[in-house]
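Structure first, commentary second.
The values are calculated or read from the model by the stated rules, or taken from the named source; none is laboratory data. Computed from a prediction, not measured in an experiment: that's the story for all the values here. Positions of Cβ are backbone-derived with ideal geometry, glycine not excepted, and every protein chain shown enters the neighbour counts. Heavy atoms of the whole protein, side chains included, go into the accessibility calculation; ligands, DNA and RNA do not. Shrake-Rupley method; radii C 1.70, N 1.55, O 1.52, S 1.80 Å.
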Amino acid sequence: MAIGKYTRVDGRRSSLSYCSTVTIVVFVALCLVGVWMMTSSSVVPVQNRDAHENKSEVKEHSDIKEQASEINNSNTRQFEDNPGDLPEDATKGDSNVSSEDNSNLPEKQEDKSSENDKIDDADKKTEDEDSKTEKNDSNSEATENMKDSDETSTKESDSDENERKSESDDNNTSDKEESEKNSDNSNETTDSNIEKGEQSDNKDSDESSSEKNTDDNAKNQSSNEVYPSGAQSELLKESTTQTGSFSTQAAESKNEKESQESSKKTTGYTWKLCNVTAGPDFIPCLDNWKAIRSLHSTKHYEHRERHCPEEPPTCLVSLPEGYKQSIEWPRSREKIWYYNVPHTKLAEVKGHQNWVKVTGEYLTFPGGGTQFKHGALHYIDFIQEFVPDIAWGKHTRVILDVGCGVASFGGFLFDRDVLTMSLAPKDEHEAQVQFALERGIPAISAVMGTQRLPFPGKVFDAVHCARCRVPWHIEGGKLLLELNRVLRPGGLFVWSATPIYQKLPEDVEIWNAMKSLTKAMCWELVSISKDQVNGVGIAVYKKPTSNDCYEKRSKSEPPVCPDSDDPNAAWNVPLQACLHKAPVSSSERGSQWPEKWPARVAKVPYWLLSSQVGVYGKPAPEDFTADFEHWKNVVSNSYLNGMGIQWSNIRNVMDMRSIYGGFAAALKDLNIWVMNVVSIDAPDTLPIIYERGLFGIYHDWCESFSTYPRTYDLLHADHLFSKLKERCNIAAVVAEVDRILRPGGKLIVRDTVEIMEELESMIKAMQWEVRMTYSKDKEGLLCVQKSMWRPNVSETLQYAIV
């Protein structure tokens with residue numbers, strides 16, 4: 001900033017002789033400095049020499065105190081602190097501002113002869129101790145300081161202190177940058193400058209709080225120092241201070257780069273349509289034809305198992321032409337829109353068994369099945385009649401239906417307060433699981449092949465198989481032993497198949513093999529009965545509740561599993577042909593039957609002990625109760641009334657990150673069902689969910705879920721995306737959410753504000769409707785609704801092309 005040259009004088013003018021004396025003294029002092037500078041090998045810039053000439057002219061009109069004070073201040077001016085940030089003592093008196101190292105300048109300057117002596121001593125010391133390189137650095141500093149002195153000496157007075165402070169603030173940043181370029185000091189130079197400060201006393205100085213950040217030598221620097229090395233003290237402080245409330249340029253630049261990258265992935269994200277053979281029915285982990293073609297064998301249904309692509313798809317699945325909003329439950333149990341699942345093959349093959357029929361623009365479901373042509377309800381009541389202990393909806397609440405077909409059995413068990421996990425492969429029975437889900441009946445696409453089912457051990461109250469075409473008896477009963485793993489001790493296996501009531505050679509062979517196998521497994525045959533209406537037979541077996549039978553067997557076939565075999569390990573674990581022991585301790589899970597439904601939903605499981613620490617840090621029973629109370633409050637106060645969701649339109653719900661099942665439990669009185677998903681990298685709380693009379697599945701959200709597209713009405717994600725961000729492609733997870741959610745379906749997300757912003761940008765790019773956003777204390781709530789929009793540009797997934 002240009003500074004006009006002017007002189008201020010007070011009423012006390014010095015005599016002419018006194019001024020002459022001052023002029024002579026200043027002239028001598030400048031000559032001494034000039035001689036010292038001439039001994040240096042460095043070249044003084046032209047502008048600096050001009051500054052010295054201007055200085056001598058101006059100082060002829062200055063007061064003696066102003067001259068002396070200005071000499072001191074000019075040397076530190078370039079690195080001074082903002083006076084407002086310094087202690088009171090550092091800014092009081094006639095001095096202008098403190099240097100960067102917060103040394104206090106004296107209120108009154110020593111006489112002129114003492115000042116000259118100090119200058120001479122400093123010059124001699126520099127000549128004796130400094131090397132040629134050090135002289136160059138010191139000369140550069142002195143030149144800058146003298147130049148600064150020239151710029152400021154013409155403005156000195158007691159009344160202008162505030163004005164000088166303001167100018168110091170304005171020039172501080174630019175001066176500091178120039179100083180750092182010119183100083184570029186070595187360690188020897190730093191030590192030399194510190195020694196200068198140590199020569200004087202420290203009696204009159206008041207150290208500021210920022211001196212704690214300097215090294216020991218800098219702390220001892222004196223307030224009486226005439227030429228403190230501004231550049232060196234600045235470097236010392238800069239090397240030790242904390243950033244405080246100021247961010248660094250490196251951090252700011254890094255954050256901006258990350259923000260730009262995130263922006264490219266979100267607001268700038270362009271969604272594409274998946275070009276795959278399966279079209280609108282694409283299931284990435286089941287339609288990976290590249291992996292299926294490379295299989296060495298399909299003997300054990302390996303081609304029906306999950307084979308996920310290396311990189312999950314980030315494209316969107318197309319909609320069937322003519323797709324309509326799904327029919328509401330319970331009407332959907334009887335009929336669905338044909339164009340939503342436009343497949344007729346199953347109607348042609350199984351129509352005579354009342355599986356499904358084409359009726360105009362609808363697909364209708366008479367409620368029958370291969371083993372219950374005259375309706376599932378009659379079949380269900382027939383089982384209850386011959387096996388009273390099954391007590392549908394009371395004793396038996398959660399069951400597994402293997403080979404479910406279109407899941408009419410599970411669909412009508414809702415009338416008996418039973419929750420059924422229906423399971424069937426994606427095979428020649430075209431879209432059977434998709435039919436089930438479109439009807440509003442829970443189901444997953446899975447097969448009993450070479451790996452364990454994605455459920456913990458000892459959780460299902462009963463398992464059902466009606467002509468499920470599973471060869472239970474082969475290879476040492478490996479598949480039936482998998483059912484033994486997931487069946488609760490004392491649970492029932494309900495088997496309805498031709499070997500029970502037909503006398504064909506193959507049926508007789510299978511029946512004999514099953515008799516031997518179930519006996520070796522210590523399963524008790526509870527009942528064999530024949531349904532006269534449907535013309536079928538049903539055999540019901542009971543799993544033992546103790547290990548007594550296992551120990552009494554004359555032959556250990558199948559063998560008992562080793563203690564190292566964890567029955568709860570279920571994610572990509574190969575099947576083993578062995579028996580898992582029944583629990584021994586009364587406090588071990590599975591040793592007691594759960595409370596009757598619905599009491600069990602709120603009951604703390606007996607095997608949760610206070611000595612155990614829950615997911616949220618409290619003792620496990622308290623953790624369980626607190627979670628339930630939390631979700632009851634959230635559901636009643638927010639979800640049911642505060643989001644504008646028409647819950648009569650909601651049937652199929654998924655909790656994408658369930659802990660204790662509290663969200664599902666809070667919704668139990670509604671006409672819905674909830675698929676509780678426990679992530680494979682989360683605490684294994686799925687057994688607790690089953691104990692409550694709810695159900696769920698293990699899953700890794702870095703992969704696609706084993707369900708058809710457009711099968712859920714509402715997805716709930718509580719802090720899921722922030723957990724996945726470090727290891728999953730969030731765009732792929734969002735694409736998966738779009739795949740399994742129906743058009744018009746809702747997504748509720750509870751997560752950090754940062755995640756919310758990223759998700760909202762990606763969702764808007766899919767042209768979804770944002771129904772509600774709310775944030776507080778860096779936590780947010782988002783509710784969005786999926787649209788019918790699909791991209792015009794497609795992306796071909798080569799692995800999914802037949």
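Within segment 380-398, being open to solvent by less than 20 Å² (accessible area, probe 1.4 Å) and either over 14 Å from W673 (Cα atoms) or not assigned by the TED database to the domain that holds G535 (or both) holds for I380, F382, I383, V387, I390, G393, T396. Looking across segment 424-436, the residues that are open to solvent by less than 20 Å² (accessible area, probe 1.4 Å) and under 14 Å from F705 (Cα atoms) come down to V433, Q434.
Listed here are the residues, each with its yes/no results for (1) under 19 Å from L319 (Cα atoms); (2) touching a residue at least 12 places away in the same chain (Cβ under 8 Å).
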{"position": "N729", "(1), (2)": "no, yes"}
{"position": "V737", "(1), (2)": "yes, yes"}
{"position": "R742", "(1), (2)": "yes, yes"}
{"position": "V749", "(1), (2)": "no, yes"}
{"position": "T773", "(1), (2)": "no, yes"}
{"position": "D777", "(1), (2)": "no, no"}
{"position": "L781", "(1), (2)": "no, yes"}
{"position": "Q785", "(1), (2)": "yes, yes"}
{"position": "N792", "(1), (2)": "yes, yes"}
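Does D389 qualify as being farther than 27 Å from L295 by Cβ and in a helix (DSSP H, G or I)? Answer is yes for this residue. Of the numbered criteria (1) free of Cβ contacts under 8 Å to residues at least 24 places away in the same chain; (2) outside the structural domain of N671 (by the TED database), the one Q798 fails is (1). For V678, state whether it is outside any loop (DSSP other than H, G, I, E, B), under 25 Å from Y606 (Cβ atoms), open to solvent by 10 Å² or more (accessible area, probe 1.4 Å) and not hydroxyl-bearing (S, T, Y). In short, no.
Can you find even one residue in segment 459-469 that is open to solvent by 10 Å² or more (accessible area, probe 1.4 Å), within 30 Å of P320 (Cα to Cα) and outside the structural domain of Y712 (by the TED database)? So far as segment 459-469 goes, yes, one or more of its residues are open to solvent by 10 Å² or more (accessible area, probe 1.4 Å), within 30 Å of P320 (Cα to Cα) and outside the structural domain of Y712 (by the TED database). Scanning segment 764-795 for residues that are in a strand (DSSP E or B), charged (D, E, K, R), open to solvent by 70 Å² or more (accessible area, probe 1.4 Å) and in contact with a strand residue (DSSP E or B) (Cβ under 9 Å, 6 or more places away or on another chain) turns up E769, R771, E779. If you check V406 against the conditions, is it closer than 19 Å to A446 by Cβ, open to solvent by less than 10 Å² (accessible area, probe 1.4 Å) and of a type outside the set (D, E)? Considered against the rule, which asks whether it is closer than 19 Å to A446 by Cβ, open to solvent by less than 10 Å² (accessible area, probe 1.4 Å) and of a type outside the set (D, E), V406 comes out as yes. Answer yes or no: is there a residue in segment 636-643 that is open to solvent by less than 20 Å² (accessible area, probe 1.4 Å), part of a helix (DSSP H, G or I) and not assigned by the TED database to the domain that holds A446. Yes, there is a match, as at least one residue in segment 636-643 is open to solvent by less than 20 Å² (accessible area, probe 1.4 Å), part of a helix (DSSP H, G or I) and not assigned by the TED database to the domain that holds A446. Within the set E703, E760, the sole residue that is touching a strand residue (DSSP E or B) at 6+ places or on another chain (Cβ under 7 Å) and of a type outside the set (V, I, T) turns out to be E760. Considering only residues in segment 655-675 that are in contact with a strand residue (DSSP E or B) (Cβ under 8 Å, 6 or more places away or on another chain) and assigned to a helix (DSSP H, G or I), the one that is farthest from G491 (Cα to Cα) turns out to be F663.
Scanning segment 560-614 for residues that are surrounded by 15 or more Cβ atoms within 10 Å (Cβ to Cβ), in a loop (DSSP other than H, G, I, E, B), more than 35 Å from the chain's Cα centre (by Cα) and free of Cβ contacts under 8 Å to residues at least 60 places away in the same chain yields C561, K581, Q592, E595.
Being open to solvent by 40 Å² or more (accessible area, probe 1.4 Å), of a type outside the set (D, E, K, R) and not assigned by the TED database to the domain that holds R739 holds for only one residue in T314, T277, and it is T277.
Suppose we keep only residues that are outside any strand (DSSP E or B), under 30 Å from V341 (Cα atoms) and in contact with a Cys (Cβ under 8 Å, 6 or more places away or on another chain) within segment 706-758. Which one would you say is most open to solvent (accessible area, probe 1.4 Å)? Selected residue: N729.
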